[in-house]
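In what follows, a single structure is set out as structure tokens and then discussed.
Every read-out reported here was derived from the displayed coordinates using simple, explicitly stated rules and does not represent laboratory data. Since the model is a prediction, treat every value here as computed from it, not as a measurement. Cβ atoms come from the backbone with ideal geometry, glycine included; neighbour counts cover every protein chain shown.
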Amino acid sequence: MSNFGLRQITRQRFEQQTRALDAFLGRSAEIAAFVAPQASSTQWLSRNDTQRLYHFIGRSEGGGARPSLGEKRRAGLHREAMVRRYPGLRASFVLVGRAGFQDAQGLWVAPAQWTADVDETSGEALDFQCELTASEAREVADYMRWLGSSRPAFDWLDEREVSARPTPPATMPRMRRVVPLSSSEEMCQHASEALQESTQSVWLTAPTVRHKGFIQALAEVARTKSLTVRCLIGDAEAAKALAVTQPDWEVMACPGMACSSLLLDAAQEATALVSNIPWTGAPVENALGLCLVLSVDDARLRLLKELWAEITPHCVRAS
């Protein structure tokens, strides 16, 4: 494994994603939504000039229930802004559009981008980022509205802290191309069902592989269908343990891998799942996230294939 080569590729890919996010935030829009596992960089928020901003986060800087002082200052960057905290939120995307998110445009954002300053790459990682289609952006806008219907105890709205009694969420909108998730186990079940559609191969990328139930499901499908299994795993120790239990699989240790994805039948009629919930790790009950489904005719499948082509030569086979 070439650590230098891997670091170089990781930095290059991260910088490409940074430029793409920067360009997306520069689009003309009346309203924007930043949804992230934790508070976004002030520089990113200042890149987006809109009349109204929604900033939904999973974790406050100070770990408390209310928005922190830093988050209140972030809200002050916009004429109208709301900061809302949802414990367990793992979704990572940005939406821009006209009022009411008409003609919404969306970007599926690599989570590490949110916490990195525009001119720095301290949080660089190997992850997936792409623009959403018009139909996906509409679904994600509906998801955000649904998320907003479940009120937490505190918002920070227009320079005022606003409290309200929690209310039951509205009915989850119907979504077809983007799958809403409420736990890592739900994503695990969705991924296990997708495995049944594979006929040739399964390629897995993951930060770690410690969920024995999913690995057993993958092993059973691979054995039954005689599938080729390849894995790029960020956690070297977990990769080594997996290689021992599944010696017929190609398991590569790939430091910095943060992408949670399945690429099915890569050589022919490929499909894929990309999730911002790392379902192969330790089970998490309260995890609000999304799974992006890339069908056989989706041009963005090449992004996953390019990840594999660029990274694999610089990783080492675990044994």
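Computed over the alpha carbons of segment 178-317, Rg followed by Dmax gives 13.7, 36 Å.
The residues GLU237, GLU250, when put in order of fewest to most other Cβ atoms within 10 Å, stand as GLU237, GLU250.
Charged neighbours of ALA125, selected by a Cβ distance under 11 Å, balance to 0 (K, R count +1; D, E count -1).
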